[in-house]
1. Can you find, among Gly146, Leu162, Asn128, the residue sitting farthest towards the positive end of the charge dipole of the chain, where Lys and Arg contribute +1 and Asp and Glu -1 at Cβ?
2. Can you classify segment 176-235 as rounded, prolate or oblate using the Cα gyration tensor, where a ≥ b ≥ c are the square roots of its eigenvalues, rounded means a/c under 1.5, and otherwise it's prolate if a/b beats b/c and oblate if not?
3. How large is the translational diffusion coefficient of segment 2-50 in µm² per second when you combine the Kirkwood radius over alpha carbon pairs with Stokes-Einstein at 20 °C and 1.002 mPa s?
4. Please determine, in degrees from 0 to 90 and to the nearest 10, the orientation of helix 205-217 with respect to the longest principal axis defined by the Cα atoms of the chain, where the helix direction is its Cα long axis.
5. Against the longest alpha carbon principal axis of the chain, how many degrees, from 0 to 90 and to the nearest 10, is the axis of helix 156-165 turned?
6. Longest span of the chain, sites excluded, free of GluC sites (Glu not before Pro) in DSSP loop with at most 14 other C-beta atoms within 10 Å?
7. In square angstrom, what is the accessible area per residue of segment 1-120 with a 1.4 angstrom probe?
8. Full extension from Asn79 to Asp32: what is 0.36 nm times the residue separation minus their Cα-Cα distance, to one decimal in nm?
Amino acid sequence: MASFENLLLQLQNGILTITINREDKLNALNRDTVREIKHAIQQVYDDPKIKAAIFTGAGSKAFVAGADIAEISELSEVNARSFSEQGQEVFNLIERCTKPVLAAVNGFALGGGCELAMACHMRVASNNARFGQPEVNLGLIPGYGGTQRLTQLIGKSKAMELLMTGDMITAQDAQDFGLVNFVTTPAELYPKCVELLEKIMNKAPLAIGLVIDCVNAVYTKDENGYQTEANSFARCCSSEDFLEGTNAFLEKRKPAFTGK
Ligand code: COA
């Protein structure tokens, strides 16, 4: 497995844990880190040993406290556009990954950190986590998809509120708004993520990947999601796992899926 300067990668039982490892800067995302995230998520796509992934932050204080403010303070208009587009490309890769990707949010998830969590398929948060898009405090707006994904996840009204006030919200509020799937104690955070992924990894992998595609299609303007669903449904019906799943049900046994 490739080595990284700002990430720690650990593969265990098919789950790749990707830890953003800049604890002294509250895991803020500088350009190098975003580049490394791209390589790490590409490994998730390419390596058949990897069945799922978890993003988390080093230490107990922060998931990711945003894009690196020291770096963005020096952006010009031209650089800023490519900065935003490159970050969006990486986060889109996470969102479109056909293997399940969770965010284990273990502290501050602000700005780019909230955007990273939102690019994941689900979010589990420890009860000390705080979420927010505080960019307006810096004379900025989110640039890694935050205006879009926050609105998709919690609706226009609440998204407008959080984006315009820059307020931080608790993990409990984030769950109430639909931003977070589960809230745990800090000690239960990682085990809860593993439990959730193990449940999903027991299902047919092809079907899981197609669920991700179809749900994403709701938010893809040039795609007819119903057509994507019909095509994906047909694809499932031609798979070995579909035969196995239906036979196992009829034979009253557990299915053994192979991903084919
Ligand atoms: N970019 C760069 N460095 C950051 C950072 C960011 N987004 N967030 C935190 N840091 C750095 C701080 O500069 C500090 O570094 P230093 O020790 O070299 O001075 C270190 O991380 C610790 O942060 P600090 O502010 O001292 O911790 P705190 O507990 O007092 O406050 C936060 C925590 C998260 C409330 C505060 O760090 C903060 O507001 N961060 C910025 C959040 C933000 O605006 N994100 C969106 C960016 S677009």
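The values are calculated or read from the model by the stated rules, or taken from the named source; none is laboratory data. On a predicted model such as this, the values are computed, not experimentally measured, just so you know. Note: ideal-geometry Cβ built from the backbone for every residue, glycine included; neighbour counts use all protein chains shown. We work out accessible area using only protein heavy atoms, side chains counted, and drop any ligands, DNA or RNA first. Shrake-Rupley method; radii C 1.70, N 1.55, O 1.52, S 1.80 Å.
1. Asn128
2. On the way: a/c = 4.68, a/b = 1.74, b/c = 2.69.
Oblate, since a/c reaches 1.5 and b/c is not below a/b.
3. It comes out at roughly 191 µm²/s.
4. The two axes meet at around 50 degrees.
5. 30 degrees
6. Working: sites that count: Glu5, Glu74, Glu223, Glu251.
Longest run free of exposed loop sites: 75-222.
7. Values: 5190 Å² over 120 residues.
For segment 1-120, the per-residue accessible area is 43 Å².
8. Details: separation 47, 0.36 × 47 = 16.92 nm, distance 1.51 nm.
Length gained, Asn79 through Asp32: 15.4 nm.
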